[in-house]
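Participant: Handing you a structure now.
Read-outs: derived from the displayed coordinates by stated rules, not from any lab. The structure presented is a predicted model; accordingly, all values stated were derived computationally and were not measured. Please note: Cβ atoms are built from the backbone with ideal geometry, for glycine as well, and neighbour counts cover all protein chains shown.
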Amino acid sequence: MKYRFRATRAFWRSFTKLPAQQQHRAREAFVIFKQNPFDSRLGAHKIQKLSARYGRVVYAAEIEANLRVVFYMDGNMVVTIDIGSHDLYR
């Protein structure tokens, strides 16, 4: 499947606040993410609490130990909601 991508303002706000090293690591992970957001190297999994909040299935993919990107699917559109630590789930 060919994916299209859109990032929310909240995602970009959070991304710009990350330290340079985490931004670099996120860019590296997005190379994989853009090919397939469900690639096993990213460990994408459903987040029940956020899914209930957004009224749709919301996923998190692991960029590094304590850095996640949160997203949902709308057809073939991948919408990145936010990026940050596990605190995003709360």
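Participant: Provide Rg and Dmax in Å for region 41-90, with only Cα atoms included in the calculation.
Facilitator: My reading of the Cα-based Rg and Dmax gives 10.2, 29 Å.
Participant: Bin all alpha-carbon pair distances of region 4-84 at 5 Å intervals from 0 and give each bin's fraction as a whole percent.
Facilitator: Values per bin, smallest distances first: 3, 16, 28, 29, 18, 6, 1.
Participant: Loop by DSSP (not H, G, I, E, B), at most 16 other beta-carbon atoms within 10 Å: where is the longest site-free stretch of the chain for chymotrypsin sites (Phe, Trp or Tyr not before Pro)?
Facilitator: Numbers: sites that count: Y3, F38.
Answer - 39-90.
Participant: I've got another one for you. Once amide H atoms are placed 1.01 Å from N in the peptide plane, what residues at a sequence separation of 5 or more from R68, or on another chain, have their amide H within under 5 Å of its amide H?
Facilitator: I63, G84, S85
Participant: Separate question: Name the residues whose placed amide hydrogens come within less than 5 Å of the amide hydrogen of V58, ignoring near sequence neighbours (fewer than 5 apart) on the same chain.
Facilitator: Under 5 Å from the amide H of V58: I47, S51.
Participant: Something else now. Helix-derived [θ] at 222 nm for the chain: sum -39500 (n - 2.57) over DSSP H runs of at least 4, divide by residue count, nearest 500?
Facilitator: Values: 3 runs with 32 residues, N = 90.
Helix contribution divided over all residues of the chain: -10500 deg cm²/dmol.
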